[in-house]
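Note sheet for the following structure.
The values are calculated or read from the model by the stated rules, or taken from the named source; none is laboratory data. In this text, all values refer to a predicted model and were calculated from it rather than measured experimentally. Positions of Cβ are generated from backbone atoms using ideal geometry, with glycine treated the same way; all protein chains shown enter the neighbour counts.
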Amino acid sequence: MPKIPERVLPEQPAHRPLDRFWPYADVSEQPSEEELAALHPELREAIFGASTAPFSVTLSFPVFEGEHYARALELAAHANERKDVGSGVGFRHLATFFPHDNPLRLRDLYEVVGGLPNCEVLIDNKPIPYARELWLQLIWCLIR
């Protein structure tokens with residue numbers, strides 16, 4: 001059986017390695033405004049502390065076939081905040097409403113997309129149990 005050497009490196013190295021190596025010299029150490037806006041809400045809360053944003057309800061829905069899709073996009077455009085995330089099959093529209101402003105806008109969009117199998121209701125950008133059955137019903141009470 002051949003003898004395996006105990007030491008792989010030579011006693012005296014031929015060159016000294018660099019103390020630091022950063023191949024991305026042009027990358028900023030601070031995140032941009034776009035990167036901060038794209039942070040997951042729970043991560044943002046862990047880094048920066050509790051948000052001072054008002055209570056919000058977000059309707060998350062995918063692209064769907066039919067005549068109601070154009071109406072859904074029109075109603076989502078009237079949300080307090082709106083963004084599109086994902087791509088392909090995972091593409092979703094997120095429409096965030098602050099119900100104290102105008103709960104009718106939230107209800108109108110929910111009537112169009114609420115029956116979709118992939119529609120999600122998020123409370124303060126988090127999935128919460130009974131969001132449809134309890135929270136939305138309480139918000140409907142704000143409608144006079």
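Just a few scattered comments:
- Whichever residue in region 64-97 is under 17 Å from the mean Cα position of the chain (by Cα) and part of a loop (DSSP other than H, G, I, E, B) and, among such residues, is farthest from TRP140 (Cα to Cα): SER87
- Restricted to region 113-141, and to residues there that are under 22 Å from THR52 (Cα atoms) and assigned to a loop (DSSP other than H, G, I, E, B), the residue that is modelled with the lowest pLDDT is ASN125.
- So GLU34, is it loosely packed, with under 10 Cβ neighbours inside 10 Å, modelled with pLDDT of 75 or more and among the charged types (D, E, K, R): yes
- Residue satisfying condition, being in contact (Cβ under 8 Å) with a residue 12 or more places away in the chain and surrounded by 15 or more Cβ atoms within 10 Å (Cβ to Cβ), within set PHE91, PHE98: PHE98
- Residue within region 38-53 that is under 24 Å from CYS141 (Cα atoms) and surrounded by 15 or more Cβ atoms within 10 Å (Cβ to Cβ) present: no
- Under the condition of being free of Cβ contacts under 8 Å to residues at least 60 places away in the same chain and β-branched (Val, Ile, Thr), the residues counted in region 117-144 number 2.
- Per the conditions (1) more than 23 Å from ALA37 (Cβ to Cβ); (2) more than 20 Å from the chain's Cα centre (by Cα), the sole criterion not satisfied by TYR110 is (2).
- All positions within region 43-63 that are in a loop (DSSP other than H, G, I, E, B), within 18 Å of ILE128 (Cα to Cα) and of a type in the set (A, V, I, L, M): ALA50, ALA53
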